[in-house]
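Have a look at the structure below, then the notes.
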Amino acid sequence: MNTYNKIIFVCTGNTCRSPMAATIMQHNLMGTDISVESRGMVVLFPEPYNPKAVAVAASHGMIMPSNNAKQIENSDFGKDTLVLVMDSLMKTKLYNHYDKAINVYTINEFIGCDNVEVNDPYGKGIEEYHHCFEILLEFVNRAATIIISNMNEKSKEEL
């Protein structure tokens, strides 16, 4: 059973999928000491989060922070950090390009849901962003349940 102090979601550009996932997870983990962040694999400049992603999160009653995209770096990895990526190619790239990469899972792998990856809505219509958010909502809620359960088990062990 692993417990983590920080969760980082990673997508390609850190403008839609990973910020939406981080927002959902923050909503789930309110009242805990776990920090939740998002990063990108290819961030050329600090671009603001995609307005469609922000609007879709708001339509679900969740406010995304007004942050800019950030590149994942070696310093982001650690034994107490869980890194959740959107697809298996990203996982492979992180392990191949970052020598400090540990605790990296695709989100579907972490929740035990094979063969479903989170497609990038970037450049598509608002309906694609809604579809992406719905998938993330299900996956992240399930991941939060696992994380909270692990925290509770660890607390019981410490008593």
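Return one quarter of the surface area of the convex hull spanned by the alpha-carbon atoms of region 3-86, equal to its mean projected area, in nm². The directionally averaged projection comes out at 5.4 nm².
Separation of region 127-148 from region 1-29 is 10 Å, based on Cα centroids.
In the chain, the DSSP beta bridges split such that about 5 percent are antiparallel, to the nearest 5.
Can you give me the Kirkwood hydrodynamic radius for region 72-120, using every pair of distinct Cα atoms, in Å to one decimal? Walk me through the intermediate numbers first.
Numbers: mean 1/r = 0.0901 Å⁻¹.
Radius from the Kirkwood sum: 11.1 Å.
Output the direction-averaged projected area (hull surface divided by four) of the convex hull of the alpha-carbon atoms of region 74-159, in nm².
Numbers: hull surface 27.9 nm².
With every direction weighted equally, the projected area is 7.0 nm².
Compute the projected area of the convex hull of the Cα atoms of region 1-150, averaged over all viewing directions, and report it in nm² to one decimal place. Please report the intermediate quantities before stating the final value.
Numbers: hull surface 33.2 nm².
So the mean shadow area of the Cα hull is 8.3 nm².
Hey, can you rank 120-133, 58-71 by average C-beta count inside 10 Å, highest first?
Values: 120-133: 16.9, 58-71: 14.1.
The peptides rank, most packed first, as 120-133, 58-71.
Ligands, DNA and RNA left out, the accessible area of region 63-102 computed with a 1.4 Å probe is 49% carbon and sulfur.
Straight-line cross-link partners of Lys100 among the lysines, defined as a Cα under 21 Å from its Cα and at least 8 positions apart when in the same chain: Lys6, Lys70, Lys79, Lys91. The residues of region 41-121 expose on average 56 square angstrom of accessible surface per residue, using a 1.4 Å probe on protein heavy atoms.
The values are calculated or read from the model by the stated rules, or taken from the named source; none is laboratory data. Not measured: the values here are computed from a predicted model. So basically every Cβ, Gly included, is an ideal-geometry build from the backbone, and we count neighbours across all protein chains shown. Heads up: the accessible areas ignore ligands, DNA and RNA and are worked out on the full protein's heavy atoms, side chains in. Shrake-Rupley method; radii C 1.70, N 1.55, O 1.52, S 1.80 Å.
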